[in-house]
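Reviewing the structure listed below.
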Amino acid sequence: MDRRGFVTSGMAAGLAGFTGASGAIGTFLDRAPGFARGKTLANGDIRLSSNENPLGVSPAARQAIIDAIVDSNRYGGRRQEVLDELARFLGVKTENLTLGFGSTEILQVCTQAFQGPNTPLIMAEPTFEDVMDYQDTMPFEVHTVPLTADLQHDVGRMRELSKKRPSVVYFCNPNNPTGTITNSADIDAWIAEAPETTVFLMDEAYLEYVTDDRYWHALKWIEQKPNVVVIRTFSKIFAMAGLRLGYAVTHPTTAVRLNEHVIQNSPNVLAGAAAVASLRDEGIVERSIKVNEEAKSIVIQTLDELGLDHVPTNANFLMHRINGDLRTYRNRMADAGLLVGRDFPPMLDHNRLSFGLPDEMDRWASTIKDFRKKGWV
């Protein structure tokens, strides 16, 4: 066979292979270990150490990912379609939006866009660490402020620190790792009076899980205040943590500034397809909230039964007290096939537990009750 014939026949065979590709890929994924819903890994361990949505992507998003695989050789990830659909979902304009490789890229972009040697970052302790980690290669100052006794951001102390010079202020609200909220009225009072040289990074990764009426989102500020950046993600409520897609909602002039720093080809093909399908799935948010509440109920009931204090949570995880050494507790849980959260100084007498499916939380409940019988907790 000559070269031309070989190429022609090869192309024909390849195209034939894509006949029914969607169904074939779907069948393969159904059989793949670890693809099933929940946080149970292929080896049987349950990963309750990461704040992931145990439902997995919605059926519509799953099918969209399968269908989009054939476009993986092409540049572009349906960027404009994602922007249009996201703007519709939020009730904003596409000019208000910046897309990123998860909300973590948005945080990195904000560091690059707003910080400098004379513009410190002001943040709580403990809180989500990534925004602080982006300072490591830059000569920027970071001021950490301990949470209050009721585990809110200390707005008064943070506000005092910001008066000295231009600042970037980070609020993770609800806060990770505590799951607590900071009263939105207190934050609003500061934003209303702050100069534009004080930039507010409002990380709302967990807002859909909130049940405390002292909390509300910060989108109302975006047209009035160019110094307010609302940061959100598809990782939590839409279960797309592995696909990496987050976004900022800001004043249009701020969006222009942020977009100068982001990767221009974001999102990737599969993330874009999943995002559009998820935003059009009217039931996904409600389903995710429902299963989270069921799992949370099991955890709280178990901890109350054991007399172990726990922090009221407005997220898909919970911090609870342990008796004894935290590392020993984690190791014993791992020996039982349950991977629980890491250290979050200074709360070294607490463990962060991420919620799985109700049956997975039943297994955790049975294990920690067994620990009590052995005198371990």
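The values are calculated or read from the model by the stated rules, or taken from the named source; none is laboratory data. Not measured: the values here are computed from a predicted model. Counting neighbours? That spans all protein chains shown, and the Cβs are built from the backbone with ideal geometry, glycine included.
Values as computed for the structure displayed
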read-out: First in segment 268-292 and over 30 Å from N73 (Cβ atoms), second anywhere and at pLDDT 95 or above and of a type in the set (D, E), Cβ under 8 Å, 6 or more apart; value: V285/E208; S288/E208; I289/E208
read-out: First in segment 353-376 and exposed (fewer than 15 other Cβ atoms within 10 Å of the Cβ), second anywhere and at pLDDT 95 or above and among the acidic types (D, E), Cβ under 8 Å, 6 or more apart; value: K369/E305
read-out: Selected residue (criterion: nearest to A271 (Cα to Cα)) from residues of segment 17-57 that are at pLDDT 95 or above and of a type in the set (S, T, Y); value: S50
read-out: Scan of segment 196-222 for residues that are of a type in the set (F, W, Y) and either in a loop (DSSP other than H, G, I, E, B) or in contact with a Leu (Cβ under 7 Å, 6 or more places away or on another chain) (or both), ordered by number; value: Y206, Y215, W216
read-out: Filter pass, K225 being touching a residue at least 24 places away in the same chain (Cβ under 8 Å), under 18 Å from W190 (Cβ atoms), part of a loop (DSSP other than H, G, I, E, B) and among the charged types (D, E, K, R); value: yes
read-out: Subset of segment 295-337 [of a type in the set (D, E, K, R) and surrounded by 15 or more Cβ atoms within 10 Å (Cβ to Cβ)]; value: K296, R321, R330, R332
read-out: Selected residue [buried (at least 22 other Cβ atoms within 10 Å of the Cβ), in contact with a helix residue (DSSP H, G or I) (Cβ under 9 Å, 6 or more places away or on another chain) and over 27 Å from E160 (Cβ atoms)] from A218, A239; value: A239
read-out: Evaluation of V228 against (1) under 16 Å from N175 (Cβ atoms); (2) buried (at least 22 other Cβ atoms within 10 Å of the Cβ) (one fails), failing number; value: (1)
read-out: Residue tally, condition in a loop (DSSP other than H, G, I, E, B) and closer than 21 Å to G91 by Cβ, over segment 241-266; value: 3
read-out: Any hit, segment 95-105, residues being touching a Ser or Thr at 6+ places or on another chain (Cβ under 9 Å), part of a loop (DSSP other than H, G, I, E, B) and closer than 18 Å to V262 by Cβ; value: yes
read-out: Whichever residue in segment 73-112 is buried (at least 20 other Cβ atoms within 10 Å of the Cβ) and more than 14 Å from T233 (Cα to Cα) and, among such residues, is modelled with the lowest pLDDT; value: G77
read-out: Sole residue being in contact with a Gly (Cβ under 8 Å, 6 or more places away or on another chain) and among the aromatic types (F, W, Y), chosen from F317, F355; value: F317
read-out: Hey, E260 among the charged types (D, E, K, R) and surrounded by fewer than 17 Cβ atoms within 10 Å (Cβ to Cβ) or not; value: yes
read-out: Search result, residues across segment 70-94 that are part of a loop (DSSP other than H, G, I, E, B) and not aromatic (F, W, Y); value: S72, N73, R74, G76, G77, R78, G91, V92, K93
read-out: Unique match (being within 17 Å of K369 (Cβ to Cβ) and part of a helix (DSSP H, G or I)) among E294, E286, E305; value: E305
read-out: Count of residues meeting criterion [part of a loop (DSSP other than H, G, I, E, B), more than 18 Å from the chain's Cα centre (by Cα) and surrounded by 15 or more Cβ atoms within 10 Å (Cβ to Cβ)] in segment 116-136; value: 2
read-out: Odd one out for D304 among (1) touching an Asp or Glu at 6+ places or on another chain (Cβ under 7 Å); (2) not assigned by TED's automatic domain parsing to the domain that holds I181; value: (1)
read-out: Meets criteria (in contact with a Leu (Cβ under 9 Å, 6 or more places away or on another chain), of a type outside the set (F, W, Y) and part of a loop (DSSP other than H, G, I, E, B)) for G375; value: no
read-out: Selection count, segment 226-278, where residues are of a type in the set (S, T, N, Q) and in contact with a Leu (Cβ under 6 Å, 6 or more places away or on another chain); value: 1
read-out: Close pairs (8 angstrom Cβ cut-off, 6 or more residues apart or separate chains): of a type in the set (V, I, T) in segment 324-342, part of a loop (DSSP other than H, G, I, E, B) and crowded, with 20+ Cβ neighbours inside 10 Å anywhere; value: V340/L48; V340/S49
